[in-house]
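A.B. asks: The following block contains the structure, expressed as structure tokens.
Every read-out reported here was derived from the displayed coordinates using simple, explicitly stated rules and does not represent laboratory data. Keep in mind the model is a prediction, meaning the values are calculated, not measured. No Cβ is skipped: glycine too gets one built from the backbone with ideal geometry, and neighbour counts run over all protein chains shown.
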Amino acid sequence: MAVIRPSDSTVAFMLRALRYRNFRLFFGGQIVSLVGTWMTTTATSWLVYRLTGSAFLLGIVGFAGQLPAFLIGPFAGIYVDRWNRHRLLVLTQALSMLQSCALAGLTLSGHITIAAIVILNAFQGVVNAFDMPCRQAFFVSMIENKADLGNAIALNSSMVNASRLVGPSIAGVVIASFGEGWCFLIDGISYLAVIAALLQMHVPMAAARSSARVSAVEQFQEGWAYAFGFRPIRSIITLLALTCLVGAPYSVLMPIFAGPILGGGPHTLGFLMTASGFGALLGALWLAARRSVLGLARVISVASGLFGLGLVAFSFSRVLWLSLACMVVTGFGFMTQLASSNTVLQTIVDDEKRGRVMSFYMMAFLGTAPFGSLIAGTLSARIGAPHTLMLGGIGCVAGALWFARERPALREAIRPIYVTMGILPELAAGVQSATQLSIPPEE
């Protein structure tokens, strides 16, 4: 297999993870399925707001869909490390397809209710509690050279956000023309693409299954001690949890901004979600072009602050074009923080603990969001959506400042791992041979 080096063309270097057959299959299947997922996300928010006009119930629906990741996510990670990850992914995708088809059937038949939406969202949350850490841990099975893992994660983020650009826009047109139910049906059908891709993969059994020689309780205790006893993992997860608690729930309030505040409708909601997705795509592509994992701690803190500032600016905007610009900044900041955090964790974590660590990562990403959605919905009903979003943005900026103070200690803790992996000497030899084993201050 040819090795693509930084001296090769920029495009080839950015796409180097696509050399691997399994990742190409995964990439192609997911980009189809994720367009449908974003259509469902947009359609669900609009359906709830159309049926109730309640910011509080928007928060409740978001809470129901994300709570399982908080409650069972860490325990799901145990089984991600014990079970065949390839087979588990096929199962979770099939269950997600059934959930979308159930939403479509109820909506198209006119029998949809808020209670049904909450129940089906909660079911999808349980599926996601297993699917998302499994998907993250499965990356190692698809990428043979760990040096390309960061590029694969960045390309995956690009795929997610390319679909985020397309999905909400299509959803806005479909909702306005045919109704929300057709968005759910399209989503259900789109899962066939990723299931087909997974079934075509060649995954050795030894690579797809982890040891189960110890009890689940012992594995949980081991994973917890490892993740929260090592300062870099603890700090990254803590900042992500804070960001998702106070900042990420902005998405559940988007129908309010699209409707009463900006005076639009489903098309406006689609535009806002698309702008956020465009910013996130820019962030993912920028990360894909990076040459090394070095410097990502700094990127994490700056991106978190940028996300917070974008939210604060968006909360004050009453003009569509300015709101769209703020959403681009917000999407760039959030996705850059998310993908950078993922890359650092995937690089430094022990392989046998990967599923558990990534379940804690997903708990921070998705598990805190339900409480954020509930808080955002409650606060919005009392002080208004703009003030709620402004407070969330300020919280994100505060978290970014705290993480910036943590960076020197994180560099010292991660340095031996990078030296062992050969990441640090390679950079130092080409840039500063006199300090071959020192991380540059800016990193």
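A.B. asks: Applying the Karplus parametrisation 6.51 cos²θ - 1.76 cosθ + 1.60 with θ = phi - 60° to the phi angles of the stretch 181-190, what ³J(HN,Hα) value in whole Hz is obtained for each residue in order, glycine and proline being reported as x?
C.D. replies: Result, rounded to whole Hz: x, 5, 5, 5, 5, 4, 4, x, 5, 5.
A.B. asks: Convert each backbone phi in the stretch 103-113 into a coupling constant with the Karplus relation 6.51 cos²θ - 1.76 cosθ + 1.60 (shift: θ = phi - 60°), then list the ³J(HN,Hα) values in order as whole Hz, x for Gly and Pro.
C.D. replies: Going residue by residue, I get 4, 4, x, 5, 6, 5, 8, x, 9, 6, 9 Hz, with x marking Gly and Pro.
A.B. asks: If you don't mind, another one. If you put +1 on each Lys and Arg Cβ and -1 on each Asp and Glu Cβ, how big is the dipole of the stretch 226-380 around its Cα centre, in Debye rounded to 20?
C.D. replies: With Lys and Arg at +1 and Asp and Glu at -1, about 260 debye.
A.B. asks: For the chain, find the longest principal axis of its Cα atoms and tell me its angle to the long axis of helix 73-82, 0 to 90°, nearest 10.
C.D. replies: Taking Cα atoms only, the helix is inclined about 50 degrees.
A.B. asks: Of F334, F365, F27, which is the most mobile in a GNM of the chain whose springs link Cα atoms less than 10 angstrom apart?
C.D. replies: Maximum fluctuation in the GNM of the chain, among the listed residues, is at F27.
A.B. asks: Taking the dipole about the Cα centre of the chain, with the C-beta of Lys and Arg at +1 and of Asp and Glu at -1, give me whichever of L374, G59, S359 is farthest to the positive side.
C.D. replies: S359
A.B. asks: Another one. Sort 248-260, 114-126 by the packing proxy (mean of other Cβ within 10 Å over each peptide's residues), most packed first.
C.D. replies: Peptide ranking by packing, descending: 248-260, 114-126.
A.B. asks: What order, most packed first, do the peptides 345-356, 310-321 have when packing is the mean number of other Cβ atoms within 10 Å of each residue?
C.D. replies: The most tightly packed comes first, giving 345-356, 310-321.
A.B. asks: Identify, among M39, F184, A196, the residue whose Cα sits farthest towards the positive end of the charge dipole of the chain, taking +1 on the Cβ of Lys and Arg and -1 on the Cβ of Asp and Glu, with the dipole about the Cα centre.
C.D. replies: Value: A196.
A.B. asks: What are the ³J(HN,Hα) values, in whole Hz, obtained from phi via the Karplus relation 6.51 cos²θ - 1.76 cosθ + 1.60 with θ = phi - 60°, for each residue of the stretch 254-261 in sequence order, with x given for Gly and Pro?
C.D. replies: 4, x, 5, 5, 5, x, x, 7
A.B. asks: Given the options F13, F178, F278, state which has the largest fluctuation in a GNM of the chain using a 10 Å cut-off (strictly under) for Cα springs.
C.D. replies: Most flexible of the set in this elastic network: F178.
A.B. asks: Could you work out the helix-only [θ] at 222 nm for the chain, with each DSSP H run of four or more residues adding -39,500 (n - 2.57) and the total divided by the number of residues, to the nearest 500 deg cm²/dmol?
C.D. replies: -26500 deg cm²/dmol
A.B. asks: Here's something else I'd like to know. Using a simple charge model, +1 on the beta-carbon of Lys and Arg, -1 on the beta-carbon of Asp and Glu, nothing else, what dipole does the chain show about its Cα centre, in debye to the nearest 20?
C.D. replies: 240 debye
A.B. asks: Which option, [x] 112, 68, 54; [y] 79, 64, 40; [z] 65, 46, 45, is the value of Cα extents along the principal axes in Å that was calculated from these coordinates?
C.D. replies: Here the calculated entry is [z].
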